[in-house]
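Read through the structure below, which is laid out as structure tokens, and then see the notes.
The values are calculated or read from the model by the stated rules, or taken from the named source; none is laboratory data. Worth saying up front: this structure is predicted, and the values here are computed from it rather than measured. So basically every Cβ, Gly included, is an ideal-geometry build from the backbone, and we count neighbours across all protein chains shown.
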Amino acid sequence: MNMIDVRGLNFAFGEGELRRQVLRDIHLSVDVGEIVILTGPSGSGKTTLLTILGGLRLATSGSVVVLGEQLVRSDAATRHAIRRQTGYIFQQHNLFLALTATENVCMALELHDRFSEEERVAAAHQILTQVGLGRHLDYRPAQLSGGQRQRVSIARALVSRPKIVLADEPTASLDKHSGHDAVEILRSLAKQNGTTIFIVTHDYRILDIADRIINLEDGVIN
Amino acid sequence: MTGLRPVFFAARLAWRQLVHDRPKLLAATLGVLFACVLVFMQLGFRDSLYTSAASAPLKMQGQLFLLHKQTEALWRPVSFERSTLMRALAVPEVRRVAPLYMSLGQFKNMDTHVQRTLMIYGYDPNAELIQIDQFESFRAALQHQDTAIFDVTSRPEFGPIQELIASGRDITEINGRKIKLVGTFSMGTTFAADGNVVMSDLNFHRIYPSRSLDQIDIGFVMLAPDADIAAVQAALLRLVGQEVQVFTYPELLRFEQNYWEKSAPLGFIFGFGTLMGLVVGMVIVYQILFTDIGNNIPQYATLVAMGYSHSYLRHIVFASSIYLAVIGFIPGVALSTILYGVAEHSIFIPFPMGFDRIVSVFFFILTMCVAAGLLAIRKLKSADPADMFS
């Protein structure tokens, strides 16, 4: 079963004279549990593709089916539903400085009605232990290293067991060692849970974790 | 998320962020506290003005009062003929009438010899027109030539009169005439008069020799115990309404307060001061909320990407503004209560801190903070997750 199925996607910014085509006739499908890395030079359109897959940007031509929902010309409610089933990892950790690691991870669960406070904290503790932060549950971001912070944000993206995780340059602000550790943890947790992962990166040091590598250049998949 | 859960979670997040950043919390608290104290003081001054304006008529004992038609305020009455007051005796329910003479005069400080203006009341000591504790003990002395009693709540610039009398120095000058102070009483100062002196009508005439005793300032009318005050008032108006105004006791109080509220632009001045305090407080709270949103844009955008709605983000901002209102208000009330006490002691005018005052100022402060929040939430528009991807 395809988690992501893209057919004939075109996308452009601007209108008329200023119109700039960033994605041309994209065809792409990703299986359940597959880890896909999308690489390409700056301005190749890879981030735009990621935001369309995540329901953060609206495409108007072609077909983009994610988790069985058509996202092209979709309404806000559809995109909102897709977002709630997707985990996001950004280049910066984007953690609340006022909150502990546990509280930051719980933010992803407070969105869902089905958990009690105890269940949220237990789930947060479990996933933080899995990313190697079992001794840092009540640390705030300022007390953690860059790699540890990114592991908290990985825990936050995974704690609600999303079907898809979208990551944008997750290692860009980390050194080689902690960057590779972070994505390795991401990979092993994804494999355990059958989570599909779509990573956009420039970082050639982490290409080894991918099942498949897609290269995008000038809006076209090579 | 359904029901009140998002509101609760947003309020909890706002609280955690607020207590995490102590310097910011302190700055915000001081901003709200400042506005709070400013509003309390403005309202306090306004109210004490109105109360003190009425503190003179408050002590006047009579059922009906006659004032010249042109009298605008009690502290500067226009005199009228004593015979007009005497005609009131024609109404059967009227038991007695008595004239009160009053005028601002010069009182010499016995130590510094500096003259200051105070209010001088003159009336027959047998009449007891002004409520004074143990007045009987002064009555005999007041009937002597050139005697008076002094209001100890007068401003301290008149000298420590009570101590001076106790030490035997009881002769001062009023309007340049030597007067012996034979006792003290408590009445209260007003914005028109820094102090008060009471003497007999004859002594009043001695220090104002040019004023005839036939020209009186306020006519007091005392009625039979079971008399219908409104009916007598109507009867008096028919009788002497051409020359004088006839007030009941509550009307007299309202008449005097009205003067300060309307004729003097005091209500506007204090209202403007209150508004300025709230505007300054709002700007401070707005700045803090706005900067805080700006610092958290990546985090808020991440929440939106996860599936949180923009209304959740607005709840965070409004919860913060309500917290700031409460956190700033509590020390604000405490400090204002202390300042009310200080003001009461230094200007000798009552500053009551009532429960309704506290409630209404809290409402002002809450409105101020929520308005600041309303202005700040525009900044949330920049929390767009599509911009978060580099």
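Within the range A:191-202, identify whether any single residue is surrounded by fewer than 21 Cβ atoms within 10 Å (Cβ to Cβ), modelled with pLDDT under 90 and assigned to a strand (DSSP E or B), and answer yes or no.
No, the range A:191-202 has no match at all.
If a residue must be among the small types (Gly, Ala, Ser) and either more than 13 Å from chain B (Cβ to nearest Cβ) or in contact with a helix residue (DSSP H, G or I) (Cβ under 6 Å, 6 or more places away or on another chain) (or both), how many such residues does the range A:122-172 contain? Walk me through how you get there before you give the answer.
In the first step, residues of the range A:122-172 are kept if they are among the small types (Gly, Ala, Ser); the result is A:122-124, A:132, A:134, A:142, A:145-147, A:153, A:155, A:157, A:160, A:167, A:172.
Filter once more, keeping what is either more than 13 Å from chain B (Cβ to nearest Cβ) or in contact with a helix residue (DSSP H, G or I) (Cβ under 6 Å, 6 or more places away or on another chain) (or both): A:122-124, A:132, A:134, A:145-147, A:155, A:160.
Adding up the residues that qualify gives 10.
Within the range B:98-125, restricting attention to residues that are of a type in the set (S, T, N, Q) and out of contact with any helix residue (DSSP H, G or I) (no Cβ under 7 Å at 6 or more places or on another chain), which residue is surrounded by the most Cβ atoms within 10 Å (Cβ to Cβ)?
By that ranking, first place goes to B:103.
Among the residues of the range A:53-76, is there at least one that is closer than 15 Å to residue A:199 by Cα, crowded, with 22+ Cβ neighbours inside 10 Å and within 12 Å of another protein chain (Cβ to nearest Cβ)?
Yes, there is a match, as at least one residue in the range A:53-76 is closer than 15 Å to residue A:199 by Cα, crowded, with 22+ Cβ neighbours inside 10 Å and within 12 Å of another protein chain (Cβ to nearest Cβ).
Can you pull out every residue in the range B:298-312 that is over 17 Å from residue A:112 (Cα atoms) and more than 7 Å from every other protein chain (Cβ to nearest Cβ)? Before the answer, list the steps.
Taking the range B:298-312 as the starting set, the residues that turn out to be over 17 Å from residue A:112 (Cα atoms) are B:298-301.
Result: B:300, B:301.
If you go through the range B:168-216 one residue at a time, how many are on the phi > 0 side of the Ramachandran plot and touching a Gly at 6+ places or on another chain (Cβ under 6 Å)?
1
Can you confirm whether residue A:79 is away from chain B (no Cβ under 13 Å), over 30 Å from residue B:18 (Cβ atoms) and basic (Lys, Arg)?
Spelling it out, it is not the case that residue A:79 is away from chain B (no Cβ under 13 Å), over 30 Å from residue B:18 (Cβ atoms) and basic (Lys, Arg).
Would you be able to tell me the number of residues in the range A:60-81 that are in a loop (DSSP other than H, G, I, E, B) and of a type in the set (D, E, K, R)?
Residues that pass the stated criteria total 2.
Which of the residues spanning the range B:103-135 are touching a strand residue (DSSP E or B) at 6+ places or on another chain (Cβ under 7 Å) and hydroxyl-bearing (Ser, Thr, Tyr)?
B:103, B:117, B:121, B:123
In contact with a strand residue (DSSP E or B) (Cβ under 8 Å, 6 or more places away or on another chain) and not small (Gly, Ala, Ser): which single residue out of B:326, B:285, B:240, B:342 fits that description?
Selected residue: B:240, the only one of B:326, B:285, B:240, B:342 that is in contact with a strand residue (DSSP E or B) (Cβ under 8 Å, 6 or more places away or on another chain) and not small (Gly, Ala, Ser).
Return the only residue of B:24, B:59 being basic (Lys, Arg) and more than 14 Å from chain A (Cβ to nearest Cβ).
B:59
Within the bounds of the range B:89-97, is there any residue that is in contact with a Gly (Cβ under 9 Å, 6 or more places away or on another chain) and at pLDDT 90 or above?
yes
Report, by residue number, each residue of the range B:162-207 that is among the polar types (S, T, N, Q), over 20 Å from residue B:131 (Cβ atoms) and in a strand (DSSP E or B).
If the condition is that a residue be among the polar types (S, T, N, Q), over 20 Å from residue B:131 (Cβ atoms) and in a strand (DSSP E or B), then B:172 is the only one that fits.
Of everything in the range A:83-114 that's in contact with a strand residue (DSSP E or B) (Cβ under 8 Å, 6 or more places away or on another chain) and at the interface with chain B (Cβ under 9 Å from one of its Cβ atoms), which residue is surrounded by the fewest Cβ atoms within 10 Å (Cβ to Cβ)?
A:85
Quickly run through the range B:341-388 and pick out the residues that are crowded, with 20+ Cβ neighbours inside 10 Å and more than 28 Å from residue B:318 (Cα to Cα).
Result: B:349, B:351.
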